[in-house]
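Structure first, then comments.
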Amino acid sequence: MSRILVVEDDPAILRGLADNLKFESYEVLTAGDGEAGYRLLRETKPDLLILDLMLPRMSGYELCRKARSEGISTPILMLTARGEEADRVLGLDLGADDYVTKPFSVRELLARVRAILRRGAGPPKPMPDDLRFSDVVVDFRRYEARKGETALEMTRKEFGVLRLLAARAGEVVSREELLNEVWGYENYPSTRTVDNHIASLRSKIEEDPAQPRRLLTVHGVGYKLLL
């Protein structure tokens, strides 16, 4: 589960961001001023910092400058009400990785969060060409699947979800990773989309979808495939 620190002095925006990120299965830490945010950044080492620029006690610019000068490489997504190009350039020059200008679309912000986290995840494991377990046979190259003698009707996205889980067999794959890899940055889907596809896959490949033995839920994190 990715840990995200949100530093924002507007209580309504801070609460809204935290609620939306938690709904997407991220662990969320919050701070209402720059000094508290800087302290949490050093103590908790989050996977991503969402940082407002105009903060009390220490500005977002100063927080970003101090973090980078101390070798803290946590990706930073800046939030700003300013529309001037010079302000955005300054934030990026100080070490921010991306920015969103207020007012912003929550769906776009979540997509940018997923994109930043994806860039820091390291090289992906190679995708398998096929999958076999029990009486299930899946050919990912031909988009064909069978269970015993019965052909399975699966969508391209279902093939994509199953292929990623097969590449990481035995490991937990988070909902955000599935969204990043199968749906991509530009589509802004929600984690509910992943849950629906998992339910559909279970109805096709499990002996008893209500008591799955292969495609398992890891509550609060994501899913894993057991072979």
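The values are calculated or read from the model by the stated rules, or taken from the named source; none is laboratory data. Only a predicted model underlies this, so the values are computations on that prediction, with no experimental measurement involved. We place every Cβ from the backbone using ideal geometry, glycine too, and count neighbours over all the protein chains shown.
Considering (1) assigned to a loop (DSSP other than H, G, I, E, B); (2) within 23 Å of Thr80 (Cα to Cα), the lone condition that Arg112 does not fulfil carries the number (1).
Every condition in (1) in a strand (DSSP E or B); (2) at pLDDT below 85; (3) among the hydrophobic types (A, V, I, L, M, F, W, C) is met by Leu90 except one, and the failing one is (1).
For (1) in a helix (DSSP H, G or I); (2) within 20 Å of Leu21 (Cβ to Cβ); (3) assigned by TED's automatic domain parsing to the domain that holds Phe23; (4) not basic (Lys, Arg), each residue gets a yes or a no:
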| residue | (1), (2), (3), (4) |
| --- | --- |
| Lys157 | yes, no, no, no |
| Ala166 | yes, no, no, yes |
| Glu171 | no, no, no, yes |
| Glu181 | yes, yes, no, yes |
| Thr193 | yes, yes, no, yes |
| Arg202 | yes, no, no, no |
| Asp208 | no, no, no, yes |
| Leu216 | no, no, no, yes |
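Selection of the range 144-155 for residues being in a loop (DSSP other than H, G, I, E, B) and either charged (D, E, K, R) or closer than 11 Å to Ser200 by Cα (or both) yields Glu149, Glu153, Met154, Thr155.
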